[in-house]
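The values are calculated or read from the model by the stated rules, or taken from the named source; none is laboratory data. Values in this document were obtained by computation on a predicted structure and should not be read as measured data. Ideal geometry is used to build each Cβ from the backbone, glycine not excepted, and the neighbour counts take in all protein chains shown. Heads up: the accessible areas ignore ligands, DNA and RNA and are worked out on the full protein's heavy atoms, side chains in. Shrake-Rupley method; radii C 1.70, N 1.55, O 1.52, S 1.80 Å.
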Amino acid sequence: MSRDEAGRPGGPRRPGAGASPLASPLPWLAGLLALYLLVPIAAYFLYAGRAAASGSLGPLDAAGLAEALRVSLVSATMAALAVAAGGIPLGYFLARRRGRAGRWLGLLEALVQLPLALPPLVSGILLLLVIGPYTALGRWSGGRLTDSLAGVVLAEAFVSAPFLVISAESAFAALDPSLEEVAATLGLRPPERFARIALPAAWPGIRAGLLLSWLRAFGDFGATVMVAYHPASLPVYTFVQFGSAGLGAALLPVAPALLVALLVLALSRRLASRVAARRTVGRLAAARLPGPAARPAQAAVAGAPLRFRLEARLDGFSLALAHAARAPRLALLGPSGSGKSLTLRLLAGVERSGGGELRLGAVDLGALPAEERGVGYVPQEYGLFPHLTVGEQLLLAARGDAARAGYWLERLGLAPLAERLPGRLSGGQRQRVALGRALAAGPRLLLLDEPLSALDAPLRRELRLQLRRLQRETGLATVLATHDPEEAALLADELLVIEGGRLLQAGPVRELFERPATPQVARLLGLANTFPGRLEEAGRLDAGGFLLRVRAAAGATLPPPGSDVMWSLPPETIRLLSDGEAAPPSADGSTVVEGRLQERLSAGGREEAWVELPGGTTLLVRLPAGGAPPAPGRAGGRPPEPGERCRLLLPAGAVRLWLRGDRRDGSPPAPTAPEDG
């Protein structure tokens, strides 16, 4: 970020950025509403002061006022607790609704919000139809559900519940879904995931809903007066005073209502701003082992190959993948939207598969729920629990084993960060915490969903090497989802190239890079100059617009004439001829072809040029900057400009050739499934 001479954040200034804030209508609109809300409160104190001075406040019924205040405080608290007991779980299920059940829960949500739209008196009438003295419930209770403290609580709970339910639903819906998915892979069952992850993470929003619900119950009049005129709550008592003795007599009950509301609001703000002190380091430092304590199940399958057949359909996207791995470290390579993340979620068990199988060695993972699979899962955004410190994250994953959590804190350099919350961590630190948490769980299978994509290049290179070392040390079976071919080549032994939920090619990493089956696979692997062609005769290839001389490598033979092939030419083997430079004789096996320069780039000690050849083929040419072979040039030494003609020398001995569609991976074909909608 740029800064000005005074050290303030600089950069381009927006038009009007230095204008007075009062020039905008927003402050005026905000001020008008604030004034409207504050003036009545100020008027109360002014009017009450004058009434007190003139002696027109009316008689003070201290006992009646105290009893009404007690009833309101007790009933509002009881109503809020009753609403919390059912409203928080209801908000959770409304936020998690999916599929057919979600439609019914959506209808329930509309009905739950209905009391907000009803006049409070109407809400009271509806309650009387259920708990009134002449109803079945009323007769069963002996009339104790009306004109009693229970009646006050029931009325206040009915009108205040929507505030909590709506707030809880919004708070749960705002949570990253990966939080509970990661918690499941750490072995937490649904009740534990709710109590230890979802509820604490959503608590700030739920707390606001509880406050609104309590305040609404404390101030309710309409429903309460219909259901329970006695004992009188503070709003009912105030209405009686106003009706019997006028406005002056109602001023005194208003004072405790204002005082209580202000105290509750102030207390809530204070509690919200306090951050509980966390002490994790001492516990983690109490015991350290020379290495991570591995589960027996992990030791039995460490390094075991993975076999899977997965089928799923989600929001119109269908996925069908099958592979029998020969090595423990796999990489899923594909563009965004290809199904990589969905595949990992199916492997982790946090997404339901429509069929198939999943085995790690002799262990049938597909038959186990997510919390029993023993899978370490690192989602794209890391899924760190916002309410837990770094140390607590690892301690939760280790199921309270301080030695194992402490080991991974030290191993990944996280010990100095043990008391920090995720919001105070950098991207690289969050990545290491997510990885350490997954490893602290002692998994039998590690799933990494583009774990380094959000990091800058130097940090990404450093963490790649760190991940590779950890793979070798732990011997864990690993599945990495990435769109970076270099990352896949470093962190995997086998590669699965997928697109649109389908397997394009699979096999050892080196073999795929040397023999991509199709131009589509070559593109996803980041390979330059890989194209389809047809072998016309021995030594001559139809490259789609020009004929290319090819030569078999020592000890190899060319495919028979008429074969559909893939051909590739490394960019550094192509020579861009200078003007006036004579082409070597054709006897040396080279092809000279004329093309048009599209773009030229000089960076990082090398020069790159893109040349379009006849037929639309575009070749990348890579030359050392300022070195041999000759740099591209024109008469007088002027390099060619984009759009000008130039000549390329394509050596026959550098052309790699293989039959098109040659998989050479031995993997079973992907099962068929409906195409994406």
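Looking at the range 553-572, can you tell me whether even one residue there is modelled with pLDDT under 80, over 20 Å from Pro516 (Cβ atoms) and surrounded by 15 or more Cβ atoms within 10 Å (Cβ to Cβ)?
No, every residue in the range 553-572 fails to be modelled with pLDDT under 80, over 20 Å from Pro516 (Cβ atoms) and surrounded by 15 or more Cβ atoms within 10 Å (Cβ to Cβ).
Taking the range 580-601 on its own, how many of its residues are at pLDDT below 80 and of a type in the set (Ser, Thr, Tyr)?
Qualifying residue count, the range 580-601: 1.
Working only within the range 399-420, note down all residues that are closer than 19 Å to Ile197 by Cβ and without any contact (Cβ under 8 Å) to a residue 60 or more places away in the chain.
Passing the criteria: Gly400, Arg420.
In this structure, is Arg540 of a type in the set (Lys, Arg), in contact (Cβ under 8 Å) with a residue 60 or more places away in the chain and more than 28 Å from Pro485 (Cα to Cα)?
no
Closer than 30 Å to Gly132 by Cβ and free of Cβ contacts under 8 Å to residues at least 24 places away in the same chain: does that describe Ala250? Spell out the reasoning first.
Working: closer than 30 Å to Gly132 by Cβ: yes; free of Cβ contacts under 8 Å to residues at least 24 places away in the same chain: yes.
Against the criterion (closer than 30 Å to Gly132 by Cβ and free of Cβ contacts under 8 Å to residues at least 24 places away in the same chain), Ala250 qualifies.
May I ask you to say which residue of Leu175, Leu164, Leu186 is in contact with a Leu (Cβ under 9 Å, 6 or more places away or on another chain), open to solvent by less than 30 Å² (accessible area, probe 1.4 Å) and within 30 Å of Leu435 (Cα to Cα)?
Leu186 is the lone residue from the list that is in contact with a Leu (Cβ under 9 Å, 6 or more places away or on another chain), open to solvent by less than 30 Å² (accessible area, probe 1.4 Å) and within 30 Å of Leu435 (Cα to Cα).
Inspect the range 505-521 for any residue being under 44 Å from the mean Cα position of the chain (by Cα), of a type in the set (Asp, Glu) and within 24 Å of Ala652 (Cβ to Cβ) and give the result as yes or no.
For the range 505-521, residues under 44 Å from the mean Cα position of the chain (by Cα), of a type in the set (Asp, Glu) and within 24 Å of Ala652 (Cβ to Cβ): present.
Could you identify the single residue in Pro133, Pro115 that is in contact with a Leu (Cβ under 9 Å, 6 or more places away or on another chain), more than 30 Å from Leu439 (Cα to Cα), modelled with pLDDT under 95 and open to solvent by 60 Å² or more (accessible area, probe 1.4 Å)?
Only one candidate qualifies: Pro133.
Given the range 205-288, what helices (runs of 4 or more DSSP H) lie entirely inside it while holding 1 or more residues that are modelled with pLDDT of 80 or more and surrounded by 13 or more Cβ atoms within 10 Å (Cβ to Cβ)?
Hits in the range 205-288: 222-227, 234-245, 247-273.
State whether the residues of the range 140-157 include one that is crowded, with 17+ Cβ neighbours inside 10 Å and at positive phi.
no
Of all the residues that make up the range 173-193, how many are more than 23 Å from Leu346 (Cβ to Cβ) and either part of a helix (DSSP H, G or I) or touching a residue at least 40 places away in the same chain (Cβ under 8 Å) (or both)?
Count: 2.
If I ask for residues that are surrounded by fewer than 19 Cβ atoms within 10 Å (Cβ to Cβ) and in a loop (DSSP other than H, G, I, E, B), which ones from the range 354-386 would you list?
Gly354, Gly361, Ala362, Leu368, Pro369, Gln380, Glu381, Pro386
Yes or no: the range 656-677 includes at least one residue that is outside any helix (DSSP H, G or I), farther than 23 Å from Val509 by Cα, among the hydrophobic types (A, V, I, L, M, F, W, C) and modelled with pLDDT of 85 or more. Even if it seems obvious, please write down each step before you answer.
Restricting attention to the range 656-677, the residues satisfying the condition of being outside any helix (DSSP H, G or I) are 656-677.
The next check asks that each one be farther than 23 Å from Val509 by Cα; those that pass are 672-677.
Narrowing the set further to residues that are among the hydrophobic types (A, V, I, L, M, F, W, C) leaves 673.
Subset that is modelled with pLDDT of 85 or more: none.
No: zero hits.
I'd like the full set of residues that are touching a residue at least 40 places away in the same chain (Cβ under 8 Å) and aliphatic (A, V, I, L, M), limited to the range 598-623.
Result: Leu613, Leu619, Leu620, Val621, Leu623.
Look through Leu360, Leu394, Leu412, Leu388 and report the one residue that is touching a helix residue (DSSP H, G or I) at 6+ places or on another chain (Cβ under 9 Å) and modelled with pLDDT under 90.
Just a single option satisfies the conditions, and that option is Leu412.
Determine whether the range 162-169 contains at least one residue that is touching a Pro at 6+ places or on another chain (Cβ under 6 Å), assigned to a helix (DSSP H, G or I) and hydrophobic (A, V, I, L, M, F, W, C).
No, because not a single residue in the range 162-169 is touching a Pro at 6+ places or on another chain (Cβ under 6 Å), assigned to a helix (DSSP H, G or I) and hydrophobic (A, V, I, L, M, F, W, C).
Please note which helices (runs of 4 or more DSSP H) are completely contained in the range 415-533 and include at least 3 residues that are open to solvent by less than 50 Å² (accessible area, probe 1.4 Å), on the phi > 0 side of the Ramachandran plot and among the hydroxyl-bearing types (Ser, Thr, Tyr). Walk me through it before giving the result.
Numbers: elements: 427-440, 457-474, 485-491, 509-514, 519-524.
In the range 415-533, no matching helices (runs of 4 or more DSSP H) lie anywhere.
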